[in-house]
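The values are calculated or read from the model by the stated rules, or taken from the named source; none is laboratory data. From a predicted model like this one, the values you see are computed outputs, not experimental measurements. Positions of Cβ are backbone-derived with ideal geometry, glycine not excepted, and every protein chain shown enters the neighbour counts. Areas reflect the complete protein model, heavy atoms only, side chains present, ligands, DNA and RNA absent. Shrake-Rupley method; radii C 1.70, N 1.55, O 1.52, S 1.80 Å.
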Amino acid sequence: MFHRHGQKSLQTILFYRFLTIAAVLLIVISAIVYMIQYSELYKNMENDVLRTSSSIGNSIDLQISQMDTVCLNVINSTSIKNTFSLWSQSRNSSSYDRARYQNELGNALISIRGVDSSIRQVNIYPMEGIGFGVGNYYGKFSVPAEDLSWYKAVKDKNGYRYIQAAPQPILSKNAGTRSDRLYVSLYRMYFDNYHNPIGFVEVLKYFDDLFADAIMPKTETPVNVVVYNSDGQQIYPYKDESSSDSFDYYNVLTEETSSDGSIRLYNNKEKQKEYVAFSRLDYCNFTVVCTIPSTDFFLPILRSLMWIPILAFSLFVICYFVARFLSRRLAKPLTEMHQFLSDTDSSEQFRLIHLDDSGIVEIDRLRDSLNASIRAKEAATESLLVMKEQEIQAQMLALQAQMNPHFLYNSLNTISAMAEEGMTEEVSGMCQDITSILRYISSDKESVSTVEEELEHCDLYLKCMKKRFKDSFTYEFDIADDLLDMKIPKLCIQLLIENSVKFTSRTAPPWHIRVEGYIDDGQWLISVKDNGPGFDPEVDKHLRSQMDEILKYSVLPSLELDGMGILNIFIRFYLLFGKAFLFQFGNLPERGSFVIVGGRFHEED
């Protein structure tokens with residue numbers, strides 16, 4: 001269906017309106033759901049990272065507390081301190097006594113360590129001299145305490161715990177271990193009853209055991225973990241001298257906040273934005289930092305929210321088809337009415353609009369109003385057609401009435417000529433035939449007659465002419481049987497024959513008239529041919545000009561009695577058949593003229 005520029009069909013307008021409303025609602029609802037879900041997922045992700053940081057911190061704090069508990073148990077054990085003092089002073093004693101003191105000291109330290117397998121080594125040192133340890137290494141050390149790296153720092157703590165800033169790498173057995181794994185050490189200096197420092201206690205734990213939760217965080221979020229001690233030194237991940245500098249989260253956190261929580265910052269080392277959650281440990285004063293790149297932080301959130309746009313798109317597709325269905329259903333009655341009113345090719349001119357009730361009051365009333373208008377138009381058209389038919393009938397009868405004096409004039413001339421020639425008997429017979437013909441042509445009941453009836457009266461007329469001209473005049477009929485019952489304007493063949501006789505008799509005999517009727521290519525044709533002088537060129541031109549004006553302007557000219565025959569027939573065919581008829585005339589090649597009338601042939605007619 002074509003529309004003028006800028007115009008749209010009702011169905012298209014409804015479709016886009018429905019679809020626009022659905023799209024707006026889906027966008028608004030999806031945005032609201034998206035923001036709610038995003039906020040919830042963001043908080044869940046944030047809480048997950050915070051819980052991870054807190055969980056790792058609690059695990060480290062607990063293990064440091066366990067190490068410190070072992071250390072304090074050693075310090076608070078008078079028997080261990082006394083046995084260690086005896087063992088330290090047994091250099092000049094017998095080997096038996098030294099072995100006994102060492103055995104007692106080892107058993108006491110092992111007892112203090114207990115069944116906690118995560119405590120890998122417990123060492124005890126004098127203020128100056130060789131220490132003793134149990135665990136991965138059992139026995140005395142070869143390096144005096146004052147020569148070890150931690151000595152001054154632990155002494156400066158004056159009895160408070162000291163945790164080594166960084167785990168020791170592979171240590172020699174002289175330092176107290178034979179393991180190739182890294183350790184974290186906790187130290188305390190202990191005193192006598194007069195608060196004089198008399199030695200040190202060292203508790204060692206595997207580095208990967210202490211930071212097991214940092215190495216393998218119990219979370220689905222891929223976080224990076226960094227642990228700082230109370231002095232801001234990084235103790236996890238382990239950094240040796242060859243390690244490159246990493247981003248210092250500790251100082252940033254100190255500047256930004258002092259309590260547990262989370263911040264966002266830009267890591268200029270990795271050139272990326274990061275989400276950072278941190279937890280400050282109460283017992284050991286460590287700071288646990290969990291970091292995750294912003295892309296990794298938001299990517300799971302966005303993936304979890306993918307169902308919203310997918311669902312929105314799916315609902316939009318459903319709305320698309322629903323909008324098409326609704327717009328088509330609502331616009332269908334109006335569309336059908338528009339198509340009905342636009343159908344100019346329909347053979348049934350006054351068809352009513354047959355539509356089921358749509359349930360919409362305005363549309364149903366419009367349908368009923370259009371049907372009422374069509375009925376009124378049909379009634380008006382029928383009245384107009386009746387009036388037009390009556391008008392045509394009146395015109396046909398008027399034209400036919402014009403033919404009566406024409407025939408009578410020609411007949412009287414013929415009778416007069418026959419009387420002058422003394423043809424009394426022929427005149428009498430011709431008067432009887434003319435009386436029959438006049439009775440036929442003067443009937444006003446019908447303006448049409450059948451071909452058979454017309455030819456019967458034409459035959460009476462031609463017999464009269466035969467009586468007058470005898471052997472000089474001949475005629476013949478060759479009519480197909482299928483044409484005999486067909487309706488044609490009354491006197492059309494009669495008048496053509498009269499004209500042929502009139503003009504042919506002005507030439508030298510013999511004279512011949514031939515009437516043919518046949519069907520050719522779906523058309524019925526009746527022709528009247530003669531061997532007379534033919535049409536004068538000026539008459540031919542004048543007739544054709546008048547016929548063209550009638551067909552072009554539908555204006556009927558006034559006719560005169562003389563010379564009106566052919567044009568009269570043309571006008572009556574025009575009134576009866578409109579423009580759907582055939583009318584040809586002209587001169588034959590050898591001699592004479594012809595006139596052919598016809599139209600479309602239908603079997604039912």
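Just one of (1) more than 23 Å from Cys458 (Cα to Cα); (2) part of a loop (DSSP other than H, G, I, E, B) fails for His542. It is (2).
What number of residues within the range 462-491 are under 16 Å from Glu452 (Cα atoms) and touching a residue at least 24 places away in the same chain (Cβ under 8 Å)? Write out each step before concluding.
Pass one, the range 462-491, residues under 16 Å from Glu452 (Cα atoms): 462, 476-491.
With the extra rule that they be touching a residue at least 24 places away in the same chain (Cβ under 8 Å), the set shrinks to 462, 476-480, 482-491.
So the count comes out to 16.
A single member of Asn44, Asn82, Asn103, Asn73 is in a helix (DSSP H, G or I), closer than 24 Å to Asp213 by Cα and among the polar types (S, T, N, Q), and it is Asn44. Answer yes or no as to whether Ser527 is closer than 19 Å to Gly586 by Cα, in a helix (DSSP H, G or I) and not acidic (Asp, Glu). Answer is no for this residue.
Considered as a group, the residues in the range 311-333 that are of a type in the set (Val, Ile, Thr) and without any contact (Cβ under 8 Å) to a residue 12 or more places away in the chain include one that is most open to solvent (accessible area, probe 1.4 Å), and that residue is Ile318.
Consider the range 359-375. How many of its residues are assigned to a helix (DSSP H, G or I) and open to solvent by less than 60 Å² (accessible area, probe 1.4 Å)? Qualifying residue count for the region: 7. Check whether at least one residue in the range 560-568 is open to solvent by 70 Å² or more (accessible area, probe 1.4 Å), in contact (Cβ under 8 Å) with a residue 60 or more places away in the chain and of a type outside the set (Lys, Arg), and report yes or no. Checked the range 560-568: at least one residue is open to solvent by 70 Å² or more (accessible area, probe 1.4 Å), in contact (Cβ under 8 Å) with a residue 60 or more places away in the chain and of a type outside the set (Lys, Arg).
Scoring Gln494 on the criteria (1) touching an Asp or Glu at 6+ places or on another chain (Cβ under 8 Å); (2) part of a strand (DSSP E or B); (3) within 22 Å of Gly592 (Cα to Cα) leaves a single failure, condition (2).
Which residue out of Asp471, Asp485 is loosely packed, with under 14 Cβ neighbours inside 10 Å, modelled with pLDDT under 90 and not in a loop (DSSP other than H, G, I, E, B)?
On the way: Asp485 fails: not in a loop (DSSP other than H, G, I, E, B).
Only one candidate passes the filter, namely Asp471.
Among the residues making up the range 232-248, those that are over 30 Å from Leu41 (Cβ atoms) and either at pLDDT 85 or above or open to solvent by less than 40 Å² (accessible area, probe 1.4 Å) (or both) are Gly232, Gln233, Gln234, Ile235, Asp248. Any residue that is among the aromatic types (Phe, Trp, Tyr), outside any helix (DSSP H, G or I) and farther than 18 Å from Leu72 by Cβ - is there at least one of those in the range 120-134? Yes; the residues of the range 120-134 include at least one that is among the aromatic types (Phe, Trp, Tyr), outside any helix (DSSP H, G or I) and farther than 18 Å from Leu72 by Cβ.
Those residues that are touching a Ser or Thr at 6+ places or on another chain (Cβ under 9 Å) and assigned to a helix (DSSP H, G or I), I need them from the range 274-301; list them, please. Answer for the range 274-301, where residues must be touching a Ser or Thr at 6+ places or on another chain (Cβ under 9 Å) and assigned to a helix (DSSP H, G or I): Asp296, Phe297, Pro300.
For the range 92-112, a residue qualifies if it is closer than 23 Å to Phe191 by Cβ and open to solvent by less than 60 Å² (accessible area, probe 1.4 Å), and the qualifying residues are Tyr101, Leu105, Ala108, Leu109, Ile112.
So how many residues does the range 195-222 have that are in a loop (DSSP other than H, G, I, E, B), open to solvent by 20 Å² or more (accessible area, probe 1.4 Å) and within 17 Å of Ala277 (Cβ to Cβ)?
Of the residues in the range 195-222, the ones in a loop (DSSP other than H, G, I, E, B) are 195-196, 211, 216-222.
Now drop any that are not open to solvent by 20 Å² or more (accessible area, probe 1.4 Å), which leaves 195-196, 216-220, 222.
With the extra rule that they be within 17 Å of Ala277 (Cβ to Cβ), the set shrinks to 217-220, 222.
Looking only at that region, the number is 5.
For the range 531-542, indicate whether the set of residues that are in contact with a Phe, Trp or Tyr (Cβ under 9 Å, 6 or more places away or on another chain), over 19 Å from Leu582 (Cβ atoms), touching a residue at least 24 places away in the same chain (Cβ under 8 Å) and not small (Gly, Ala, Ser) is non-empty. Checked against the condition, which is being in contact with a Phe, Trp or Tyr (Cβ under 9 Å, 6 or more places away or on another chain), over 19 Å from Leu582 (Cβ atoms), touching a residue at least 24 places away in the same chain (Cβ under 8 Å) and not small (Gly, Ala, Ser), the range 531-542 yields at least one hit.
Residues that are modelled with pLDDT of 70 or more and either of a type in the set (Lys, Arg) or outside any helix (DSSP H, G or I) (or both) within the range 318-350 comprise Arg324, Arg328, Arg329, Lys332, listed in sequence order.
Of all residues in the range 510-551 being open to solvent by 60 Å² or more (accessible area, probe 1.4 Å) and in contact with a helix residue (DSSP H, G or I) (Cβ under 7 Å, 6 or more places away or on another chain), which is nearest to Asn568 (Cα to Cα)? Residue satisfying both the conditions and the ranking: Pro533.
If you scan the range 78-91, which residues turn out to be open to solvent by 80 Å² or more (accessible area, probe 1.4 Å) and closer than 13 Å to Ile124 by Cβ? Walk me through it before giving the result.
Residues of the range 78-91 open to solvent by 80 Å² or more (accessible area, probe 1.4 Å): 78, 82, 86, 89, 91.
Result: Asn82, Leu86.
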